[in-house]
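The values are calculated or read from the model by the stated rules, or taken from the named source; none is laboratory data. Predicted model, so just to flag it, every value in this text is computed and none were measured. Cβ coordinates were reconstructed from backbone atoms using ideal geometry, including for glycine residues, and neighbour counts include every protein chain displayed. Only protein heavy atoms, including side chains, enter the accessible area calculation; ligands, DNA and RNA are left aside. Shrake-Rupley method; radii C 1.70, N 1.55, O 1.52, S 1.80 Å.
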Amino acid sequence: MTRVIASTGMGGRLSDTVGGVPERFVPAEMHGELVEAEHVARYSWATAFCGSRRVLDAGCGTGYGAGMLRAAGATEVVAVDLSEAVIEVARNDAPEGVVCEVGDLRSLSYPDDSFDLVVCFEVIEHVEEQDRVLDELARVLRPDGLLLISSPNRGHYVPGNPHHRHEYVPLELREALESRFGAVRLLSQHAMLASAISSPHERFDRARTERLVEPGEQDEIYTLAIAGTALPPASSPMVALTQFLEIRQWLERFQGQERVLDEQARSLAELETLRRERREALERLAEREQTLAELPVLRERLAQATAALPPLEERVAALQAGLAEQARAARVGEEMRASVSWRITAPLRAIKRLTRSPRQSGG
């Protein structure tokens, strides 16, 4: 298996990592990881088609793949990338026969029919104007040439890559290529675990492979395609092995993410409690403010009631005095009517009333 380690001297700047997700593969930073096996496997597959051909590596990154294509027999490899910093690194590591140039895949500077083979791996999903890129790749390809291209399979690739604009599903990629090329063949790229037995430092180029499970469509993380006027016979499967240590790294990252998620959950619960307490405090404050707003009116009413109280008290006192006098007079009348003299003089009072009545009536 081809081993690729390029020197960068620029730390993590070349990978353009955003939110922990790198934009491009940088061999020196990612050696031994699954991402290296994925990228190297694609270029190793492409080496079978580059013998005695002029090749365009469209979206070359640091140029590791261009070097592999040149070593496999390409007469010349033109490696193009949009990033000047990346091309500068690629030029420093480029072997003889590899030309590294800054270029925009949407508008290539090369004449029509310039290349026998065009390789474009894990680039098309980074571009907004994908049709323009495919048109340019078809334009610079000779009539009998081949295009090798790949894209993450949107149906099964981990979502959320901040660098990707549009990831094709296999049917979309096929349709996009068939509208420009007479023949198209799709291949699947899977990520699989392996258990290897070998002597120390033994290479695995001729290793016997035992496949225990058949990968299904749901396992296709990447879709590769070969397109042209006529296609060569199908090639043998390509396997790139990486170290098993990355599984432990994934577990450590997963456990770290679980800890972060647990902490976030606790923080969110505390935040929700604080929000609820704040809402309740605001409600109480609104009630207090309403009470304070009504206080001047209440004070005015109290003053008016206080001012009206003395006259009411005087009236109450007068009424109470009148009632007391009436009660006293009633008692005196009752006592008088109950006396012996009152009863004796009752007939005289009746005669007096009768003798007065005609006069009062005639009057």
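For the stretch 71-158, what is the accessible area per residue in Å² when the probe is 1.4 Å?
On the way: 3730 Å² over 88 residues.
Normalised by residue count, the accessible surface of the stretch 71-158 is 42 Å².
For VAL99, what residues show an amide H to amide H distance below 5 Å, using hydrogens built from the backbone and excluding near sequence neighbours?
The list, which skips near neighbours in sequence, is VAL77, VAL78, ALA79.
What FRET efficiency, computed as 1/(1 + (r/R0)^6) with R0 = 51 Å and r the Cβ-Cβ distance, is obtained for LEU261 and LEU309, rounded to the nearest 0.05? Provide the component values of the computation, followed by the final result.
Values: r = 69 Å, r/R0 = 1.36.
That pair, LEU261 with LEU309, gives E of 0.15.
Give me the distance between the Cα centres of the stretch 50-70 and the stretch 106-167, rounded to whole Å.
Each part reduced to its Cα centre gives a spacing of 14 Å.
Taking the simple approach of a point 7 Å from Cα along Cα-to-Cβ for both THR273 and SER198, what is their distance in nm?
Here the answer is 5.6 nm between the modelled labels.
What ³J(HN,Hα) values, in whole Hz, does the Karplus curve 6.51 cos²θ - 1.76 cosθ + 1.60 give for the stretch 224-240 when θ = phi - 60°, with x put for Gly and Pro?
Running phi through 6.51 cos²θ - 1.76 cosθ + 1.60 with θ = phi - 60° gives 10, 9, 10, 9, x, 6, 9, 9, x, x, 4, 8, 6, x, 10, 10, 10 Hz.
Give, in nm to one decimal, the length gained when the segment between TYR110 and ALA318 is fully stretched (0.36 nm per residue of separation minus the Cα-Cα distance).
Details: separation 208, 0.36 × 208 = 74.88 nm, distance 11.87 nm.
Gain in length upon complete extension: 63.0 nm.
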